[in-house]
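Notes follow once the structure below has been shown.
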Amino acid sequence: MKYKFLHTCIRVMDLEKSLKFYKEALGLKETRRKDFPDDGFTLVYLTDEDGTCEVELTYNYNPEKPYEIGNGFSHMAFGVKDLEESRRRHMEMGYEVTELMGLPGEKPRYYFVTDPDGYDIEIIRQED
């Protein structure tokens, strides 16, 4: 039996703020949107340029308080060729960005940027 990864879903407090982050900071494009006004929520799907990954943003109308991310979820990861330029760009956009890091004994090859809801996004240097 063959399985294909389809998407990662996260719940967001402010749909427009989250859309701006995922579109501007990560270059994702909205592919479809499903509004369910009678049930009080909207789903927005975004994908990368190659269509290899998809993020589903779930916006529940009028959430009472921020969502708890939980201690089991860690992060999503995206690859980029020019890691330093990407980090500089995210810092200029005003997002929370970590130092460049590497696994023990390795050169720095990734950093994290935090989205508007506090989700960590790992940005990894993509080798040819």
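Dipole of the chain, Cα-centred, from +1 at each Lys and Arg C-beta and -1 at each Asp and Glu C-beta, to the nearest 20 debye?
On the way: 18 positive and 27 negative charges, 47 e Å.
It works out to roughly 220 debye.
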Just how far, in whole angstrom, is segment 68-94 from segment 105-128 if you go by their alpha carbon centroids? 5 Å
Gyration tensor (alpha-carbon) shape descriptor, segment 1-65, a/c threshold 1.5: oblate
Backbone HN-Hα couplings from phi across segment 31-42 [Karplus 6.51/-1.76/1.60, Hz, Gly and Pro as x]: 9, 6, 9, 10, 9, 10, x, 5, 9, x, 8, 10
Full-extension gain between E122 and D48, please, as 0.36 nm times their residue separation minus the C-alpha to C-alpha distance. 25.1 nm
If you consider only alpha-carbon coordinates, what radius of gyration and Dmax does the chain have, in Å? 15.7, 54
GNM result for the chain, Cα springs below 10 Å: residue of Y111, Y67, Y45 fluctuating most strongly: Y67
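Taking 20 Å as the cut-off for C-alpha to C-alpha distance, list the pairs among K2/K23; K23/K81; K2/K29 that go past it. Mind dumping the intermediate values first?
Values: K2/K23 31 Å; K23/K81 18 Å; K2/K29 27 Å.
Correct reply: K2/K23; K2/K29.
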Taking amide H positions as placed 1.01 Å from N in the peptide plane, with prolines and chain starts having none, which residues 5 or more places from R11, or on another chain, fall under 5 Å of its amide H? T58
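Using just the helices of the chain, give the 222 nm mean residue ellipticity in deg cm²/dmol: DSSP H runs with n ≥ 4 each add -39,500 (n - 2.57), and the total is spread over all residues, rounded to 500.
Value at 222 nm, helices only, nearest 500: -3500 deg cm²/dmol.
Keeping all protein chains in place, calculate the accessible area per residue for the chain (probe 1.4 angstrom), answer in Å². All intermediate terms of the calculation are to be shown ahead of the outcome.
Numbers: 8600 Å² over 128 residues.
Heavy-atom accessible area per residue stands at 67 Å².
What percent does the relative contact order of the chain come to when contacts are Cα pairs within less than 8 Å and at least six residues apart?
Working: 201 pairs, mean separation 28.7, N = 128.
Over the chain, the number comes to 22 percent.
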Ignoring ligands, DNA and RNA, what percent of the accessible area of segment 1-120 is carbon or sulfur (1.4 Å)? 49 percent
Phi-based couplings in Hz for segment 13-21 (Karplus 6.51, -1.76, 1.60; Gly and Pro marked x): 7, 10, 4, 5, 5, 5, 4, 4, 4
Once amide hydrogens are built 1.01 Å from N within the peptide plane, the residues lying 5 or more places from F78 or on another chain with amide H under 5 Å from its amide H are E122, I123, I124
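Take every DSSP beta bridge whose two residues both sit in segment 1-58, then give the antiparallel share in percent to the nearest 5.
Working: 12 of 16 bridges.
Antiparallel bridges: around 75 percent, rounded to the nearest 5.
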What residues have an amide H closer than 5 Å to that of E54, excluding those fewer than 5 places away on the same chain, when H is modeled at 1.01 Å from N in the peptide plane? T8
Report the gain in length on full extension from M76 to T58: 0.36 nm times residue separation, minus Cα-Cα distance, nm rounded to one decimal. 4.9 nm
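Which order do you get for F41, F73 if you rank them by accessible area with a 1.4 Å probe, largest at the top? Before the final figure, lay out the partial values.
Details: F41 55, F73 75 Å².
The ordering from most to least exposed comes out as F73, F41.
The values are calculated or read from the model by the stated rules, or taken from the named source; none is laboratory data. Note that this is a predicted model, so its numbers are computed, not measured. Virtual Cβ from ideal backbone geometry, glycine too; neighbours counted across all protein chains shown. We work out accessible area using only protein heavy atoms, side chains counted, and drop any ligands, DNA or RNA first. Shrake-Rupley method; radii C 1.70, N 1.55, O 1.52, S 1.80 Å.
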